[in-house]
């Protein structure tokens, strides 16, 4: 799969992640950013800043013959179609999670990438974060994990009128934020069943919500139970980012980036600096993989499995019953 320098990259999207990717790729002398597609006003400004070509439509960009890689950093609902077109035209792909909004489509895309011997990298920078790495490192110390709680709350008042608050574009919350599931399956393995509840609030439903709460309980095949809570919007007044892992011989507890390992011998601080530079690590990993053959830090199969669990949560919320994965 090793390519030769310069690696020629096209980027779909004009938001924070897309611009960050553009900047990071542009800083590497082994890479050329050949074009950007997206919102016409923003894409022209970004293209001018980074001395590259602007495309109004992603369908124009992905078919360009002088590209090796397409980076997908746009509205969730569009991910699957862009990835498929890029793979069909022989491009390697980097896509911000989720790969797409449906499990059958996700499996089809992975099969297509494998068939064409193309890289399909589904970004999950949280796996590179110090909280995740410290928790995984400390995990053997606490015996058999039996209970996990992972909660994030993001107050926003007023709720912004943008696509991430529009269910049709954003997707089911735990599908859109598959990282919540992927972090747990990476540490605790397979899930046997899922129970989930979802509630939207707002005066403009179903187009847009002003608040969202999505709670899921995962039962792992090893017997552990995990409560996953995803909340955001203007009905919440305090923020939270917490991870709790209870084991037979101890516990790991994080509040934001400050954590501790608790055992019968006492408490040991687990301090993770605030997340920074994770997109840079991810981008560097992709470049090194394509040019030097170095392994990626995550793989498409694990991301698709996490998506399968998230889709089971979506089905559970719709049916009001536990779903077997």
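Selection over segment 170-206 of residues that are in a strand (DSSP E or B) and buried (at least 22 other Cβ atoms within 10 Å of the Cβ) gives a count of 3. For residue 302, the criteria (1) touching a helix residue (DSSP H, G or I) at 6+ places or on another chain (Cβ under 8 Å); (2) buried (at least 16 other Cβ atoms within 10 Å of the Cβ) hold in every case but one, which is (2).
If a residue has to be within 21 Å of residue 184 (Cα to Cα) and surrounded by fewer than 16 Cβ atoms within 10 Å (Cβ to Cβ) to count, how many in segment 249-272 make the cut?
Here is the first cut: in segment 249-272, the residues within 21 Å of residue 184 (Cα to Cα) are 249-262, 270-272.
When the remaining residues are screened for being surrounded by fewer than 16 Cβ atoms within 10 Å (Cβ to Cβ), the result is 249, 255-256, 258, 271.
So the count comes out to 5.
For residue 74, are the conditions met, namely being at pLDDT below 95, outside any helix (DSSP H, G or I), in contact with a helix residue (DSSP H, G or I) (Cβ under 9 Å, 6 or more places away or on another chain) and buried (at least 23 other Cβ atoms within 10 Å of the Cβ)?
No, not satisfied.
Among residues of segment 87-105 being in contact with a strand residue (DSSP E or B) (Cβ under 9 Å, 6 or more places away or on another chain) and not in a strand (DSSP E or B), the one that is surrounded by the fewest Cβ atoms within 10 Å (Cβ to Cβ) is 89.
For segment 27-59, filtering for residues that are farther than 17 Å from residue 93 by Cα, in contact (Cβ under 8 Å) with a residue 24 or more places away in the chain and in a helix (DSSP H, G or I) leaves 3. Restricting attention to segment 28-51, which residues are modelled with pLDDT under 95 and buried (at least 21 other Cβ atoms within 10 Å of the Cβ)? Correct list: 38, 43, 46, 47. Assessment of segment 141-155 against the conditions (surrounded by fewer than 17 Cβ atoms within 10 Å (Cβ to Cβ), at pLDDT 95 or above, more than 30 Å from residue 265 (Cβ to Cβ) and assigned by TED's automatic domain parsing to the domain that holds residue 225) yields at least one matching residue.
Any residue in segment 222-237 that is assigned to a loop (DSSP other than H, G, I, E, B) and touching a helix residue (DSSP H, G or I) at 6+ places or on another chain (Cβ under 8 Å)? Among the residues of segment 222-237, at least one is assigned to a loop (DSSP other than H, G, I, E, B) and touching a helix residue (DSSP H, G or I) at 6+ places or on another chain (Cβ under 8 Å), which makes the answer yes.
Count of segment 145-169 residues, restricted to those that are in a loop (DSSP other than H, G, I, E, B) and either within 16 Å of the chain's Cα centre (by Cα) or touching a residue at least 24 places away in the same chain (Cβ under 8 Å) (or both), is 6. Which one is nearest to residue 42 (Cα to Cα) among residues in segment 12-27 that are more than 19 Å from the chain's Cα centre (by Cα) and surrounded by fewer than 18 Cβ atoms within 10 Å (Cβ to Cβ)? Restricting to residues being more than 19 Å from the chain's Cα centre (by Cα) and surrounded by fewer than 18 Cβ atoms within 10 Å (Cβ to Cβ), the top hit is 23. State whether one or more residues within segment 280-295 are closer than 21 Å to residue 151 by Cα and touching a residue at least 60 places away in the same chain (Cβ under 8 Å). Among the residues of segment 280-295, not one is closer than 21 Å to residue 151 by Cα and touching a residue at least 60 places away in the same chain (Cβ under 8 Å), which makes the answer no. Which residue out of 232, 294 is within 21 Å of residue 170 (Cα to Cα) and modelled with pLDDT of 95 or more? On inspection, the qualifying residue turns out to be 232. Residue 114 passes every criterion in (1) without any contact (Cβ under 8 Å) to a residue 12 or more places away in the chain; (2) outside any helix (DSSP H, G or I) apart from (2).
Please work out which residue is farthest from residue 149 (Cα to Cα), limiting yourself to segment 238-248 and to residues that are in contact with a helix residue (DSSP H, G or I) (Cβ under 9 Å, 6 or more places away or on another chain) and surrounded by fewer than 18 Cβ atoms within 10 Å (Cβ to Cβ). Selected residue: 248. Residues in segment 243-257 that are within 18 Å of residue 180 (Cα to Cα) and part of a loop (DSSP other than H, G, I, E, B): 256, 257.
The values are calculated or read from the model by the stated rules, or taken from the named source; none is laboratory data. Please read all numbers here as calculations on a predicted model, not as lab measurements. Glycine gets a Cβ as well: all are built from the backbone with ideal geometry, and neighbour counts include every protein chain shown.
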